[in-house]
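Have a look at the structure below, then the notes.
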Amino acid sequence: MTTEERVDQLVRDADPGGLGMMGDLGGVKHTLLEDIMSESLVRRSAGSAPRRLWVRRFAGVMTAAAVLLSIVPASMVLRGQGEDDGVSPIVSAGAGAGAVFSPLAMEAAERSPRLLIDQSGWTVVALSEFSENYGVIRFRRGGRELEMNWYPAYVYADRYSNQRVDGPAKSVQVDGWRADVFQSLSGDFTVLLRPRDNLVVEMKTSENWSRKDVDRVLGDIVRVDARTWLAVLPAEMVMPVRERAAKVLADVPLPPGFDMAALEEIGVSDSYHFGAAVTSRVGCGWIAEWQRARASGDEAGVRRAADALRSSHGWRVLRDMDKAGDWPEVFWEYADEIAAGTLRPSYVPGLDCR
């Protein structure tokens with residue numbers, strides 16, 4: 001079954017009536033994260049090209065396949081190591097320890113596990129939008145990757161049972177946090193941290209790790225405060241949302257009544273996820289306007305909405321994102337339907353229209 005088919009099946013399971021009434025369905029939300037983010041983003045051979053994924057946002061948790069965005073190694077922040085001039089590279093390349101973070105960014109960081117690899121050479125290469133105790137961050141050094149997924153604590157028993165299928169667990173500790181290591185039949189490792197602060201963290205390696213590699217990295221993982229965690233991220237990720245949105249929307253026509261203030265809820269995420277979240281709201285706004293105009297016989301309004309959505313093929317943000325993942329393809333599919341005068345009900349979960 002393809003990724004698209006798996007997502008479609010999950011959407012149907014979540015909303016069999018096709019009504020788009022998908023509130024806090026924690027189990028389905030968890031399944032989406034497990035099936036798409038954990039497997040598709042991590043389980044690939046070292047050196048292979050990133051997969052182009054078809055991923056639909058569901059209940060505001062995940063938007064699309066992550067685009068790689070290399071930034072400053074965590075060790076530079078944690079150890080305060082600078083270059084020859086004695087100034088840490090974080091000052092110019094990342095947000096920096098002295099940066100001012102928004103209350104929303106601080107709140108999001110406080111809700112996350114805030115685990116970093118304090119070992120030279122590791123960089124953060126992807127960070128998903130996260131909310132409601134869900135999120136994904138991925139680290140890379142050379143050909144190895146380590147992805148950390150976090151979920152609400154109530155999924156722990158289920159995650160533990162799933163991992164036991166491949167064999168018994170071996171107990172370890174991650175900066176004093178009790179955990180268990182599992183090795184799958186394919187050779188990759190999963191480290192499942194015990195519930196703490198209403199969270200459970202699941203770490204997954206790429207396929208070219210040995211157990212010694214795992215133990216070495218686990219020994220260098222540290223839990224930091226919210227400000228330190230944010231300081232490791234690229235400045236773009238933690239800049240004011242309206243400033244980020246202004247760049248994304250520079251050539252994007254906005255639907256009537258578009259609420260820029262509502263974009264604040266998107267939070268901290270990499271460029272791909274942020275772009276998908278913003279364009280999701282724009283697309284849903286134009287679809288609502290198109291539906292309103294059709295229902296009221298406003299032909300000019302129908303044409304205006306259709307033209308706006310048709311123009312999405314030229315939006316810079318979507319064209320840039322199309323190099324990394326399939327969110328633009330999802331968006332353009334529904335935009336083209338509108339231009340042709342039709343629209344499937346699946347646009348609600350497909351574009352995360354709320």
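The values are calculated or read from the model by the stated rules, or taken from the named source; none is laboratory data. Predicted, not measured: the structure shown is a model, and the values here were computed from it. Quick reminder, even Gly has a Cβ in these numbers, built from the backbone with ideal geometry, and neighbours come from all protein chains shown. For the accessible areas, the whole protein counts, side chains as well, though only heavy atoms, and no ligand, DNA or RNA atoms are used. Shrake-Rupley method; radii C 1.70, N 1.55, O 1.52, S 1.80 Å.
Quick rundown of the values:
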{"item": "Principal semi-axes in Å for the range 296-354 [√(5λ), Cα gyration tensor, largest first]", "result": "22, 14, 8"}
{"item": "Descending semi-axes in whole angstrom, ellipsoid equivalent of the range 198-354, from the Cα gyration tensor", "result": "39, 18, 14"}
{"item": "The range 280-337 versus the range 218-244: alpha-carbon centroid distance in Å", "result": "33 Å"}
{"item": "Two-site label geometry, TRP177 and ALA288: point separation in nm, points 7 Å out along Cα→Cβ", "result": "3.7 nm"}
{"item": "Tensor-based shape of the range 115-226 (alpha-carbon gyration tensor, a/c under 1.5 rounded, otherwise prolate or oblate)", "result": "rounded"}
{"item": "Distance (nanometres) between label positions extended 7 Å along Cα→Cβ at LEU185 and ARG164", "result": "1.9 nm"}
{"item": "Per-pair calculated FRET efficiency, R0 = 22 Å: SER120 and ARG194 via Cβ, rounded to 0.05", "result": "0.15"}
{"item": "Carbon/sulfur fraction of accessible area - the range 186-340, other protein chains in place, 1.4 Å, %", "result": "50 percent"}
{"item": "FRET efficiency, 1/(1 + (r/R0)^6) with R0 22 Å, evaluated for SER102 and MET260 via beta carbons", "result": "0.90"}
{"item": "Neighbourhood charge, 12 Å Cβ-Cβ cut-off, centred on ILE338 and excluding it, Lys, Arg +1 and Asp, Glu -1", "result": "0"}
{"item": "Largest-first ordering by accessible area, 1.4 Å probe, given options ARG354, ARG244", "result": "ARG354, ARG244"}
{"item": "Sequence-distant residues sharing a close amide H with ALA126 (under 5 Å, placed H)", "result": "LEU69, ARG138"}
